[in-house]
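Data block below; observations after.
Every number here is computed from the coordinates shown, using simple stated rules; none is lab data. Predicted model only: the values in this text are computed from it and were never measured. Cβ: placed from backbone, ideal geometry, glycine included. Neighbour counts: every protein chain shown.
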Amino acid sequence: MYLTHFRLNELPFSLTPDTAFFMSRAGYRDALNVLLVALRSGEGFVKVIGEVGTGKTILCRTLLKALGADFECAYLPNPYLRASSLLFSIADELRIDYPKRSTQHQLMKHLNAALLAFHAQGKRVVLCMDEAQAVPVQTLEILRLLTNLETEKRKLLQVVLFGQPELDAVLDQPSIRQLRQRITFGHELYPLNRADTAHYVNHRVAIAGYQGSRLFTQRALDDLQDGSRGVPRVVNILAHKALMAAFGHGVLQVDRTHVRDAIKDTADARSAQVSRGIGAPYRWLRWLAGSV
């Protein structure tokens, strides 16, 4: 595509949450520090809230890499599970052996024994659940019961819930108020401001291998902020399309024309720009995407 044209080693704005691109700025470093402090101090439940596309998954994966060898970690990207399925998934993630036809009660006993074994080895066990707003209430209650497993000194299982703002509404239900009361640390991710969006874009192109002068003009960065509203996922989509547009024009720098072309082709961004006079979808950009 445009890698050779811009002398990049890899695509800088892929939507895959690659931890190599994690940005230690804005609320992300603060969020990571909060999570590390909470987990290393033995807290049972921790919560991270953020709108769609604000970087919860890359934060989660960065956390898992940062915890180190004294932690055993389980990661559930899709927690829309029945209670029994949740227990099986946790056991599989932690590589715990159990009879194939275990009942929920038997599986809880196997998990308890395994957690005690990890504790005897000096390891802490952390469960990270992405998209936690989708977890059924009954499953959350089983999760709370799991975190009841503890020694005199600390919890045997710590849980980090990553979810959209709807997670707060789920946790406000009276039936799971005991779980809500156990969430001792929390953090909220917000969209990037103008300065952070510029830093985000320049950071990603540098990680991708770009070594030239400024790849995006300041006006291009300003329009990226306006079109994306500072949501990193939308920034990635727009920046990728803007690079394609600049490549199609045969130029080595992205200016606001290319960003506006990208905005025209992106529904989420177009709605943010209606009042700015940016028109209908930019059809040739779609053609370019399929032809290079």
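Some observations on this one:
- Remark: segment 42-189 projects, on average over all directions, an area of 8.4 nm² (convex hull of Cα atoms).
- Divide the volume of the convex hull around the Cα atoms of segment 71-134 by the residue count and you get 78 Å³ per residue.
- Percentage relative contact order, the chain, counting C-alpha pairs under 8 Å, at least six apart: 25
- Förster-model FRET efficiency, 41 Å R0, LEU149 and GLN218, C-beta, rounded to 0.05: 0.15
- Taking every DSSP bridge with both residues inside the chain, close to 5 percent are antiparallel.
- Helix axis angle, 56-66 relative to the chain longest principal axis, alpha carbon, degrees: 60
- Given (1) 7, 30, 39, 21, 3, 0; (2) 6, 26, 33, 23, 10, 1; (3) 6, 26, 27, 19, 15, 7, 1, the label whose value is P(r) over Cα pairs in 10 Å bins from 0, in percent derived from this model: (3)
- C-alpha center-to-center spacing [segment 221-239, segment 157-192] in angstrom: 28
- Helical mean residue ellipticity (222 nm; -39500 (n - 2.57) per DSSP H run of 4+; nearest 500) of the chain: -15000 deg cm²/dmol
- Lysines with Cα under 19 Å of LYS241, excluding same-chain neighbours fewer than 8 positions away: LYS264
- Between segment 95-132 and segment 45-88, the alpha-carbon center distance in angstrom: 16
- Peptides 174-183, 71-80, 123-132, 191-200 ranked from most to least packed give 123-132, 191-200, 71-80, 174-183, packing being the mean of other C-beta atoms within 10 angstrom over each peptide's residues.
- Förster-model FRET efficiency, 35 Å R0, SER175 and ASP18, C-beta, rounded to 0.05: 0.35
- Straight-distance candidates among the lysines for linking to LYS109, with alpha-carbon spacing under 24 Å and chain neighbours fewer than 8 residues away dropped: LYS100, LYS123, LYS153, LYS155.
- Distance-filtered residues of segment 161-190 - backbone nitrogen under 19 Å, label point 7 angstrom along ASN33 Cα→Cβ: 185-190
- As a calculated quantity, the FRET efficiency between GLU166 and LEU252 at R0 = 30 Å, using C-beta atoms, amounts to about 0.10.
- When you count the other C-beta atoms within 10 angstrom of each residue and take the mean per peptide, 46-53, 113-120, 137-144 line up highest first as 46-53, 137-144, 113-120.
- Nonlocal amide H pairs with PHE185, under 5 Å, H built at 1.01 Å: LYS47
- Full-extension gain in nm, LYS123 to SER102, via 0.36 nm per residue minus C-alpha separation: 5.0 nm
- Across segment 122-273, the relative contact order, built from alpha-carbon pairs under 8 Å that are at least six residues apart, equals 18 percent.
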